[in-house]
1. Considering only residues that are exposed (fewer than 14 other Cβ atoms within 10 Å of the Cβ) and either modelled with pLDDT under 85 or under 24 Å from D78 (Cβ atoms) (or both), which ones fall in the range 53-67?
2. Just one of the numbered conditions (1) modelled with pLDDT of 65 or more; (2) not in a helix (DSSP H, G or I) is not true of S104; which one?
3. Among (1) modelled with pLDDT under 70; (2) in contact with a Phe, Trp or Tyr (Cβ under 8 Å, 6 or more places away or on another chain); (3) among the β-branched types (V, I, T), which single condition is I72 missing?
4. List the number of the failed condition for E29; all other conditions in (1) surrounded by 13 or more Cβ atoms within 10 Å (Cβ to Cβ); (2) modelled with pLDDT of 85 or more hold.
5. Name, by its number, the condition in (1) at pLDDT below 85; (2) outside any loop (DSSP other than H, G, I, E, B) that does not hold for N123.
Amino acid sequence: MNILPKSQYEKVFEGSQITTQHIKLVLEESGIISIIRDDGESALRSGYGTTHTSDVKLFVDKKDVLKAKHIITSTLEDIDTENIPDADLEALAKQKDPVIMTTSTGTSKKETYRRSPFNLLLNIGLIIYSAWRLSPLLRGEELSTFRIIVSSTLIILCGWAVIHHFTNKKA
């Protein structure tokens, strides 16, 4: 039974919550918007309990179905964990890094967090504004200690964030 018979979305994957979330992230990196539907979780939250399987459905816009299916197929091939030794899987599970992508060859590649352009511009803007707030010191004027501490702290923290952004580039 389809609740939305003329929906613009089509189901492209059904699997575990973890695998579906991973595929959703991979699709979003490729610019494809997707929606997860978990009927079992919805039933539990509404108080009905569940007799459904633990499978979760992933939907994408109908215009992106072919591209999404291709990406899903290649992603599922990369998730092959049978070739990875148990010791390596346990080490990956214990790591604190949020994203580790493991290829089918068993090598792992760490993806680092990248700041958005807006965040980067905001940090640069705060540096400029804080420097402007401290500029009367260059003319020999006196400023309150609080103003000096707050502006200096902002310059240091935002400067560190900007430097960290440009020195930690993705491989």
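1. Answer for the range 53-67, where residues must be exposed (fewer than 14 other Cβ atoms within 10 Å of the Cβ) and either modelled with pLDDT under 85 or under 24 Å from D78 (Cβ atoms) (or both): T53, S54, L66.
2. It is condition (1) that S104 fails.
3. (1)
4. Tallying (1) surrounded by 13 or more Cβ atoms within 10 Å (Cβ to Cβ); (2) modelled with pLDDT of 85 or more, E29 fails exactly one: (1).
5. Checking N123 against (1) at pLDDT below 85; (2) outside any loop (DSSP other than H, G, I, E, B), the one that fails is (1).
The values are calculated or read from the model by the stated rules, or taken from the named source; none is laboratory data. These numbers were taken from a predicted model, which means no experiment stands behind them. In this analysis, Cβ positions are derived from the backbone assuming ideal geometry, glycine residues included, and neighbour counts consider all displayed protein chains.
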